[in-house]
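Worksheet: one structure, shown below.
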Amino acid sequence: MGPVVPPTLRFVLCGSVDDGKSTVIGRLLHDCRQVSSDELTRIERDSARYGTQGMAADLALLVDGLRDEREQGITIDVAYRSFETPRRRFIVADAPGHEQYTRNMATGGSTADLAVVLVDARKGVLPQTARHTRIAAMFGVCHVVLAVNKMDLVEWDRDIFESIRVSYGGIAGEVGLSAIEAIPVSALTGANLTRNSASAPWYDGPTLLAHLETVVVEESPGGQPFRMPVQYVNRPHADFRGYCGRVAAGAVAVGDAVRISPAGTESRVASILVGNRTRHRAGRGDAVTLTLAPDVDVTRGDVVVDADEAIEVADQFQARLVWMHDEPLAVGRPYVMKLHSREVGAAVTRIRHRLDVSNGNELAASVLHLNDLGTVNLVTNRPVPFAPFDESRALGGFILIDRATNATAAAGTIAFPLMRAANVKWQHMDVSKDVRSRLKLQRAQCVWLTGMSASGKSTIANLLDRRLTVEGRHTYLLDGDNVRHGLCRDLGFTEADRVENIRRVAEVARLMVDAGLIVIVSFISPFRSERDYARSLFEPGEFKEVFVDASLEVCAERDPKGLYAKALRGEIRNFTGVDSPYERPEHPDLHLNTEELSPAECIDLLSHTLD
Amino acid sequence: MIRGDDLSGAWLASLESETIEVLREGVAAASRPVMLYSIGKDSSVLLHLARKAFWPAAPPFPLLHIDTTWKFREMIAFRDRTAAEAGVELRVHANEDGLREGVNPFDHGSERYTDVMKTVALRQALDEGGYDIIFVGTRRDEEKSRAKERVFSLRDAAHRWDPRAQRPELWNLYNTRLAPGESLRVSPLSNWTEADVWRYIRAEEIRIVPLYYAAERPVVERAGRWIMVDDDRMPLLPGEAPRQRRIRFRTLGCYPLTAAVESDADTLDAILAETLAADRSEREGRLIDHDRDGSMELKKKQGYF
């Protein structure tokens, strides 16, 4: 498939505050007759109140929709506007220029085929211009129009235009953008926006609109193998089981051999529905329903692929992130990752570097803050089918969701897998966990004791371990302090190290449960999300979260190791309960208040919950 | 030839795929999905697409109609027939308190009437149903404040919209996770324009309420706008007498609050030609949008759709 002119062009308009973005869109809408006369009347009325153009209708007011932003005079949220000419239909994302809203620029860029980067002729290329260009490149926007605006205010000086073009070309080249068209314009008068201007006889290129109407945007390379993430399983009755999704790459025809990833099972396409119509074939972008024969197990989040062209599966990646959340990225903290139709647990294991967006330098970093761009190592809690983002936006772009607030914390793109899970196949074990536990006449499980230092965890853990051993059960006790001497000797007490500490302990506990043991873990584990992460490694019912509860005052008074005294004197940093939070479990499987219950009473209660 | 005709096939197909994807994503995430059904052309298009998305099953959610009791009579008949044909359950909710108090657009003013019979009624129905995913037929091109709406728009437990708390939407990855009580208003038609809707209705031969087609109808002229006299509940002003005029509606709401346009367009081709040539905005006929500056934004913050 060669380059095609799509009927719809999606572009994002970016630039710094006051570069005139809203005026450019207002002008395009107005000149493409997308503005109705009643709307224009309203704009004229509003112009007197909010406008910056004196008595003339301020076309920026056509797009600055929300009351808040009209009063502040800035665009605070990304807006999508449609307009059409006889040659093309356009969807333009108006991306805000204010630095704190950079995440919206990323949002607008993610679905764009092309970016129009506005630069004020009087100010030249600004740090924000470089930032937007880097984001555009990161999100796979290969085509850029450099629109040098407010040329009327510099008397259409060709030298100014050329010097901006050259300095922008440097940035674009650095991030790998080559398809750049530079156009001198005045949004205020419409010159070179929708009609050629006599003011700049030295410019003989197209107007902005003419360029947008004719620019050829490469579709992703043709001849890609078939891939379709399964969004939804449609099962109206026993005789019909359809797998719904949008074709992410390639094409599929009835009779094709397909494989279900990550399971690897094979089948053939029995029928294809596009909407309610039966088709023989479907291609990229079509929303389809496939039926398979023989029918195999397929669920949401699986990817149906060409049987001869395996898709990569991995659980460790190098990826690029735009951080979008007020709360900074913590290395090791578990997030929910949404990649095509699949949600998995994920954590950043290392920040390789943060990108200085104004000069492209890679800086060492231990956190990523709101609006930072960075390159990270990422691990998922199960292997996921994917493609590098450069090959497929649909299979290589993802978001990270904060588990506590459900906020979208970051957008990311997969660069490449660090270790291919496909090469590290899960060994099929003939002796299963069930077999092992039954031999031991017990149910393998993990008892996870969480609570502040000196709340009584170790005492309870020891007593429980003894009681179970006397009863002939097979147990093991993992103690927070003890693993620090060996397994976790290399870790300190920063938040990131503590998260890694928990991850290792949880993994070891899981292996021991797999071996058929009852594992007692005694660990402060102050963060809810980390305990949730530990729970996610186990099968339902296998993980018992036990909250060993005593107030800070009581713990500080007990203080058997003298740690609270040191922490309160400031000699120990990051001490839970003193200068680092303890997040109380909301729904523990068992709540033991050690101020009211004796250790023996606690053990009785615990034994009951262990069936 | 009508402008855009040569391109419309491919782009309607891509809009259709995008909408079907959003519908399926919403249903996959939902425990109690519902579709708000307003009987208008956008609702007709959305229901048509929902039938395609889940074919051969019926759409796996009920339709919810907020009945102000001031809809055109033709609309109610159309509603009942359409739901039955699609094989979906129709739930109708009216604000009983408002009915008891006799709240109507004439005596109580459009602002109060809309608040009681639409906004409050909607909140009641959503609370009652405990819906978490609520499909709506709104488009970004309808109104300025809607140009910034997300496809999946988060509402708090009181159904309020906070423009600063909306989640960024990247690619086609929608964050559908909710805390208890929260819900998502999902707009699968976000990227459609009025012209796209008409092109699609024509291409797919979707049935719509006949009021969209021009015909002789009884009207009175008020403040330069044509208001149709649909039944005898409408009080006439002194000296006012209904006249027959050839009119049609570009948008359908409550009859005393929705103005008609004079038109001869009685076929889809004629309507489409008129839409593309239109010099006036689609919602100009919606009197409540213009109560005061920024009024749609205010209504949305309160939970209006």
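Things worth noting here:
- Of residues in the range B:175-193 being of a type outside the set (A, V, I, L, M) and outside any loop (DSSP other than H, G, I, E, B), the one farthest from the other protein chains (Cβ to nearest Cβ): B:185
- Selection within the range A:365-417 - within 16 Å of residue A:341 (Cα to Cα), open to solvent by 30 Å² or more (accessible area, probe 1.4 Å) and within 10 Å of another protein chain (Cβ to nearest Cβ): A:393, A:394
- When residue A:253 is tested against (1) at pLDDT below 95; (2) exposed (fewer than 15 other Cβ atoms within 10 Å of the Cβ); (3) under 33 Å from the mean Cα position of the chain (by Cα), exactly one condition is not met: (1).
- The strands (runs of 3 or more DSSP E) located wholly in the range B:218-278 that include 3 or more residues which are of a type outside the set (A, V, I, L, M, F, W, C) occupy B:243-248.
- Qualifying residue in the range A:418-440 (condition: at pLDDT 90 or above and either within 14 Å of chain B (Cβ to nearest Cβ) or closer than 30 Å to residue A:608 by Cα (or both)): no
- Complete set of residues in the range A:177-206 that are closer than 21 Å to residue A:133 by Cα, surrounded by fewer than 19 Cβ atoms within 10 Å (Cβ to Cβ) and among the β-branched types (Val, Ile, Thr): A:180
Condition check ((1) of a type in the set (Gly, Ala, Ser); (2) in contact (Cβ under 8 Å) with a residue 12 or more places away in the chain; (3) more than 14 Å from chain B (Cβ to nearest Cβ)) across all residues:
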{"residue": "A:262", "(1), (2), (3)": "no, yes, yes"}
{"residue": "A:288", "(1), (2), (3)": "no, yes, no"}
{"residue": "A:298", "(1), (2), (3)": "no, yes, no"}
{"residue": "A:316", "(1), (2), (3)": "no, yes, yes"}
{"residue": "A:324", "(1), (2), (3)": "no, yes, no"}
{"residue": "A:347", "(1), (2), (3)": "yes, yes, yes"}
{"residue": "A:359", "(1), (2), (3)": "no, yes, yes"}
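- For the range B:42-67, filtered to residues that are charged (D, E, K, R) and closer than 15 Å to residue B:188 by Cβ, the residue that is nearest to the other protein chains (Cβ to nearest Cβ) is B:52.
- In the range A:531-551, the residues that are surrounded by fewer than 16 Cβ atoms within 10 Å (Cβ to Cβ) and farther than 21 Å from residue A:510 by Cβ: A:551
- Filter result (surrounded by 20 or more Cβ atoms within 10 Å (Cβ to Cβ) and either within 14 Å of chain B (Cβ to nearest Cβ) or farther than 18 Å from residue A:103 by Cα (or both)) within the range A:326-342: A:330, A:331, A:332, A:333, A:334, A:335, A:337, A:338, A:339, A:340, A:341, A:342
- Selection count, the range B:52-72, where residues are within 30 Å of residue B:109 (Cα to Cα) and either free of Cβ contacts under 8 Å to residues at least 60 places away in the same chain or out of contact with any Asp or Glu (no Cβ under 6 Å at 6 or more places or on another chain) (or both): 9
The rows are residues; the columns are (1) closer than 15 Å to residue A:80 by Cβ; (2) open to solvent by 10 Å² or more (accessible area, probe 1.4 Å); (3) at pLDDT 85 or above.
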site: A:104; (1), (2), (3): yes, no, no
site: A:107; (1), (2), (3): yes, no, yes
site: A:112; (1), (2), (3): yes, no, yes
site: A:118; (1), (2), (3): no, no, yes
site: A:123; (1), (2), (3): no, yes, yes
site: A:127; (1), (2), (3): no, yes, no
site: A:132; (1), (2), (3): no, no, no
site: A:139; (1), (2), (3): no, no, yes
site: A:147; (1), (2), (3): no, no, yes
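- Highlighted here are the strands (runs of 3 or more DSSP E) found entirely within the range B:68-174 that include at least 1 residues which are more than 14 Å from chain A (Cβ to nearest Cβ) and open to solvent by 10 Å² or more (accessible area, probe 1.4 Å): B:90-93.
- Residue A:255 assigned to a loop (DSSP other than H, G, I, E, B), in contact with a Ser or Thr (Cβ under 8 Å, 6 or more places away or on another chain) and not assigned by TED's automatic domain parsing to the domain that holds residue A:178: no
- Residue in the range A:207-216 that is touching a residue at least 40 places away in the same chain (Cβ under 8 Å) and open to solvent by 60 Å² or more (accessible area, probe 1.4 Å) present: yes
- The residues of the range B:253-273 that are within 26 Å of residue B:94 (Cβ to Cβ) and out of contact with any helix residue (DSSP H, G or I) (no Cβ under 6 Å at 6 or more places or on another chain), listed by number, are B:253, B:254, B:255, B:256, B:260.
- Residue list for the range A:275-299, restricted to those being farther than 19 Å from residue A:235 by Cβ and either assigned to a strand (DSSP E or B) or open to solvent by less than 20 Å² (accessible area, probe 1.4 Å) (or both): A:277, A:279, A:281, A:282, A:283
The values are calculated or read from the model by the stated rules, or taken from the named source; none is laboratory data. Predicted model, so just to flag it, every value in this text is computed and none were measured. Here Cβ is always computed from backbone atoms with ideal geometry, including for glycine, and neighbour counts include all displayed protein chains. Note: accessible area is taken over every heavy atom of the protein model, side chains too, but ligands, DNA and RNA are not part of it. Shrake-Rupley method; radii C 1.70, N 1.55, O 1.52, S 1.80 Å.
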